[in-house]
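Worksheet for the structure shown next.
The values are calculated or read from the model by the stated rules, or taken from the named source; none is laboratory data. Small disclaimer: the values here were computed from a predicted structure and weren't measured. Methodologically, a virtual Cβ is constructed for each residue, glycine included, from the backbone with ideal geometry; neighbour enumeration extends over all protein chains shown.
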Amino acid sequence: MHHSNRKWLTLIGWQLLALVAMIHLSGCSGGGTKPLIVTGLTPSTVPATGGQVIFIGNNFGPDDKVTIGGVAATANYGGETLLTAIAPASSTPGAVDVVVSSPINGTVTLSKALTYLATPTAPAVSNAPTCTGTVCIYQAENVQSTLTGNADITSCSGCSAGLKVGNLGGPSFVTINDIYAPATGTYDVTIYGVDGDGSGSYRTMTAAVNGGSTQSVQISGDNWNATSAPQTIQVQLTKGSNNSIQFGNANDYAPDLDYIVVSPNTLAAATPCTSAICVYHGESASNTLFGNGQVAGCSGCSEGYKIVGLDNGYGGVIVNNVYAPVAGTYNVTVYGVDGDAPGYRTMSVAVNGGTPASINISNNNWNATAPGVSLQLPLNQGNNSITISSFLYDYGPGFDYLVVSPQPQLTAIGSGPVQINYDLNTGLASFVYSGSTIISNFYSQVMLGGASVTSTSGSYTRKISAGSNSETDVTLTASDGTPTMVQRFIIVNSNYLLMQVELLGANGAILSSNSMAPIMTTKPGSIKLPTVSDPRFLLVPFDNDSFRTYNDASVYNSLENAASYEVGVFHDGGTRNGLVLGSVTHDTWKTGIIANSAYGNYALDTLDVVGGFAGPEDQLPHGSVTGNTIASPTIMVGFYSDWRDGLEAFANANAQVVPMLSWNNPAPMGWSSWGHVQTAMSETTAVADADYFHQKLPNFNNQGVSYMNLDANGGFIDTASRDFITTAHNQGQKAGIYWVPWAYYGTDMTQTVEGTKYTYGDIVMRDQHGNPLRTIDGAYAVDPTHPGTKQRIDFYYLQFSTNGFDSIKFDFLSHGIVEGGSNNGAFYDPAVHTGVQAYNEGMSYLSKKFGATMYMDESISPIFPYQYAHARRVSCDTFGGIGSPTVNSGGTTSYEMNSATYGWWLAGRLYNFNDPDQIVLEGFTSNENKSRVTSTAIQGYMIDGDDLTDSVAPGLAQKWLTNGNINGLAALKLNFRPVDGSTAQNPTSVLVAQAGGVYYIAVFNYDGSNPLVENIDLAHAGLNGSAKYTVTDLWTGATSSTTGSLSVNLSAAESTIYKLQ
């Protein structure tokens, strides 16, 4: 098509520009969809009257809807990871489908996931004499109930029979009598209370069976005339109709009571364990409760339950079927529950009815598992029993679970500061640094379909062998067909080792796995730092879409499945010592580092490093690797006295595997159309802005190099764009363009892909049913391995390169790393099975094509793999303004500086530069502009986004873009790193860089309303605390001198940079 050289864009070009501009904005608006993830629900059975179910999953929303058996259920949103619903009553027993639907995140169907139990054989209504069915309903107001104190029967229009028992609490109780049990054993009691205290509040109801000890549940609702969401407890009942349960709360106001449902225990019996290490939970249906022993809820316990009633030796639990492969002495670690710390409670532990041993359980939380206590006990070959109770005249603790393992046979791998202590008997290992155990009792796990193969399997015989290049292999073999496992440890230096797990199929068998975890832990407190006062876990985002941030989260305040991508850091904010774990290979797997900790702990309870961890935009499970031999990602495990050194070492370790894409020229400085001009672009504006930089800002460049970038404008490929490029080149400027290789913004699947014979319907990513994956940021993902996608790359490269563009920004690259494929959930290239493999294939093709003649900058993109571009934007879209020091303020300096604070280690190691995005001066205060320019200067990458053709921007540009000291920082290639972290999702205020004997300190005040006084300890910042320094403020040129400390006074939203020498 011929274009007049007087037109900037054809009508179609303008439409394309507007669409691309809209998508460009939406990508960082935070409005991108997240796939609804629902993996199950609990409980899996409810009585015919219905009941509450809890969904297991992620990305729930307040507008989500639930249907159960085709009937709408009342859904209650409790956050992204919490959704509950009240299953309606059903007169038809059996399994039904459960559907969760989100207006923005999709729909998930759980087939036959919930089973309704049969209606009680003897209808239970008010004044019914007895119930002898499998499921029995007991109204609180029945004549058999006993009311004490002020308890009374009152009307309740929304209750099951129009009545309830109220005024409970203190001396007032209701006791439901004549409760039937067909046999002695454990039963579910579902309590339907009434509470009207409102959202976020609750009342506690206690329940005591047959005069025994109490357990409690929390009833929460907002209507005193309607039944609240039910709660279920497990109780021990004796055979017959002589059981009673007393409800109330001796110490507080209690909720009212409508009715209870008694049904068979839904806790499944444990599968017999024959592994080297076996875990036995107290609430398992395989166990025997006696005396006052009963199952109670425990939110912080391993499975949500504990055993209570272990008082005076009259109650407890017999843990049955405790397996021992041979007779001998075994380690038995008992995990109890106690809230008396600094005191303790004593537990008795007896094997096979023998003399009990005594252990002390101590903790400060009755709703969390206490640290384990180990003892050595003799076990017979085969199955044994262990009785958990207390001693006469003594109050006992609660009981959660116990772990049985053989006596250790430890072998040290490594002789320096970094060591692995490997137990050949159990397959457990510990990571030790300078004599301190940092990670204790970790193991490896590979998922084969729904079955796990672990290094702790009792099938394995383990052998250690030394290899070359400091490699030590632990080979685990079995004679029962279990695949051979190889755990590789390579001690690289005095700080870190590399680890990988490999699986080999027996007799040539082909294996397939989408989850391979070199490191898994299960025991509370397994990960500890030698010294710690402010425990932190740094969560690294997968990519920079949707204004995602780094998060240096507090461990003390608890973590629940906190997931970091590719690398995670457990460190102390006080001493800076830290543990760094992350993948150094990015050819196949997405790797997650997942941490958990209970509130008030200084250690991590679990830390798992898993290859096969889905990304934030994935809509399908992680792809599987297949072969006779399959291998996990290679993991770095290192300990450092300064966690910042550890992250830099992690980057260097990656670069030793795959070097970054080299760039020997200066970092870009110049102009971008996206900051202020955006969709108001015209040829006149673009040329005028380039002219202004050439004529009025001649020193705003990096060693004489200046870039003029046409951003978010894939339509600039006509004669007018070539005229713009010619103008820029004639002025000694570089010209840049923008393009999106892995996304399709249209909706017409019959549209021909540019430069090919294919349609977009051929190349878009689809699920296993052939449906296109949901759009991400408004665009369909395309298959990077499809020939149509590659031919499209050829087409645009030819046009861009022919026009003469010198650089290109690639945007929305995360579309190219999602799981799926154009062939009904499989990638076009049959050798590619995972999103990371597809991304590598596509990015390699893209990089070789464009990298031959252009500088390449990644915009919205995953951090890893990194070797396909010269630079990467460190955060999502950023313009100007200071934002907030405590709230994620997308698009502002404080938001961008969060990524600069915690992502500094990428620059100069994995990418040549961290791109801080454009500067926008117009529309913000003077100090906000100073801070925005400062934030780009410290990263050596300064691109202005103002329109210098209007009446306001030129004055601002002359004020803020002409300081030679600031502009000159780019040529120094400095790498500013934070002095401290511990800021959660916020940025740090002080960063430091060094060039030989010269230091640079940048200080920011992110508070737009209040001044800041910052006193910087120079020794803590890495300088010589006793040396005298000449201090130069690079913004003002003012000089002073200091020793030991630097005092900085900043106005609201202000920043500055000091040079110390």
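Structure above, values below:
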item	result
Top-ranked residue of the stretch 36-64 - restricted to ones that are more than 16 Å from the chain's Cα centre (by Cα) and polar (S, T, N, Q), ranked as farthest from Asn561 (Cα to Cα)	Thr49
Enumeration of residues in the stretch 64-84 that are part of a strand (DSSP E or B) and either among the polar types (S, T, N, Q) or modelled with pLDDT of 90 or more (or both)	Lys65, Val66, Thr67, Ile68, Val71, Ala72, Ala73, Thr74, Asn76, Thr84
Restricting the stretch 733-754 to residues that are touching a Ser or Thr at 6+ places or on another chain (Cβ under 7 Å) and without any contact (Cβ under 8 Å) to a residue 60 or more places away in the chain, the residue that is surrounded by the fewest Cβ atoms within 10 Å (Cβ to Cβ)	Thr750
Test for Gly778: is it touching a Ser or Thr at 6+ places or on another chain (Cβ under 8 Å), over 22 Å from Gly835 (Cα atoms) and surrounded by fewer than 24 Cβ atoms within 10 Å (Cβ to Cβ)	no
Contacts under 8 angstrom Cβ, first residue in the stretch 963-974 being touching a residue at least 60 places away in the same chain (Cβ under 8 Å), partner part of a helix (DSSP H, G or I), 6 or more apart	Ile966/Val933; Ile966/Thr934; Ile966/Ala937; Asn967/Ala937; Leu969/Ala937; Ala970/Ala937
Residue among Thr482, Thr521, Thr531 that is surrounded by fewer than 22 Cβ atoms within 10 Å (Cβ to Cβ) and under 26 Å from Asp572 (Cβ atoms)	Thr531
Options Ser564, Ser546: the member that is in a helix (DSSP H, G or I) and under 18 Å from the mean Cα position of the chain (by Cα)	Ser546
Answer residue from the stretch 273-289, given it is under 30 Å from Ser444 (Cβ atoms), among the polar types (S, T, N, Q) and surrounded by fewer than 19 Cβ atoms within 10 Å (Cβ to Cβ) and is farthest from the chain's Cα centre (by Cα) among those	Ser286
Answer from Thr886, Thr878, Thr893, Thr853 - the residue that is surrounded by fewer than 24 Cβ atoms within 10 Å (Cβ to Cβ), within 27 Å of the chain's Cα centre (by Cα) and among the hydroxyl-bearing types (Ser, Thr, Tyr)	Thr886
Residue check, Trp671 modelled with pLDDT of 95 or more and over 22 Å from Gly903 (Cβ atoms)	yes
Members of the stretch 226-244 found to be within 16 Å of Gln52 (Cβ to Cβ) and in contact (Cβ under 8 Å) with a residue 60 or more places away in the chain, listed by number	Ala226, Thr227, Ala229, Pro230, Gln231, Thr232, Ile233, Gln234
From Val322, Val317, residue being outside the structural domain of Glu560 (by TED's automatic domain parsing), in contact (Cβ under 8 Å) with a residue 24 or more places away in the chain and farther than 21 Å from Gln234 by Cα	Val322
Qualifying residues in the stretch 995-1024 (those that are among the hydrophobic types (A, V, I, L, M, F, W, C) and over 13 Å from Leu1046 (Cβ atoms)) - the one surrounded by the most Cβ atoms within 10 Å (Cβ to Cβ)	Phe1004
Cβ-Cβ under 7 Å pairs, at least 6 apart or on other chains, the stretch 588-599 side part of a loop (DSSP other than H, G, I, E, B), far side charged (D, E, K, R)	Ala598/Asp605
Residue ID - surrounded by the most Cβ atoms within 10 Å (Cβ to Cβ), chosen from residues in the stretch 367-385 that are closer than 11 Å to Val334 by Cα and either β-branched (Val, Ile, Thr) or at pLDDT below 90 (or both)	Ala370
From Ser889, Ser875, residue being free of Cβ contacts under 8 Å to residues at least 12 places away in the same chain and out of contact with any strand residue (DSSP E or B) (no Cβ under 8 Å at 6 or more places or on another chain)	Ser889
Tally of residues being modelled with pLDDT under 85 and under 26 Å from Ser405 (Cβ atoms) across the stretch 305-325	1
Test: residue in the stretch 826-833 that is surrounded by fewer than 24 Cβ atoms within 10 Å (Cβ to Cβ), among the β-branched types (Val, Ile, Thr) and in contact (Cβ under 8 Å) with a residue 12 or more places away in the chain	yes
Residues that are surrounded by fewer than 23 Cβ atoms within 10 Å (Cβ to Cβ), in a loop (DSSP other than H, G, I, E, B) and more than 35 Å from the chain's Cα centre (by Cα), drawn from the stretch 290-310	Gly291, Asn292
Among residues of the stretch 326-358, those that are touching a strand residue (DSSP E or B) at 6+ places or on another chain (Cβ under 6 Å) and under 25 Å from Asn425 (Cα atoms), counted	12
Pairs where the first residue, in the stretch 302-313, is under 12 Å from Asn367 (Cα atoms) and the second is among the aromatic types (Phe, Trp, Tyr), C-beta under 6 Å, 6+ apart	Ser302/Tyr401; Ile307/Phe399
Test: Thr175 is surrounded by fewer than 22 Cβ atoms within 10 Å (Cβ to Cβ), at pLDDT 90 or above and touching a strand residue (DSSP E or B) at 6+ places or on another chain (Cβ under 6 Å)	yes
Residues (out of contact with any Phe, Trp or Tyr (no Cβ under 8 Å at 6 or more places or on another chain) and surrounded by 23 or more Cβ atoms within 10 Å (Cβ to Cβ)) located in the stretch 643-663	Trp643
Set Ser935, Ser931: member being over 24 Å from Glu683 (Cβ atoms), in contact with a strand residue (DSSP E or B) (Cβ under 6 Å, 6 or more places away or on another chain) and of a type in the set (Gly, Ala, Ser)	Ser931
Residues being surrounded by fewer than 18 Cβ atoms within 10 Å (Cβ to Cβ) and among the small types (Gly, Ala, Ser) - total across the stretch 386-413	1
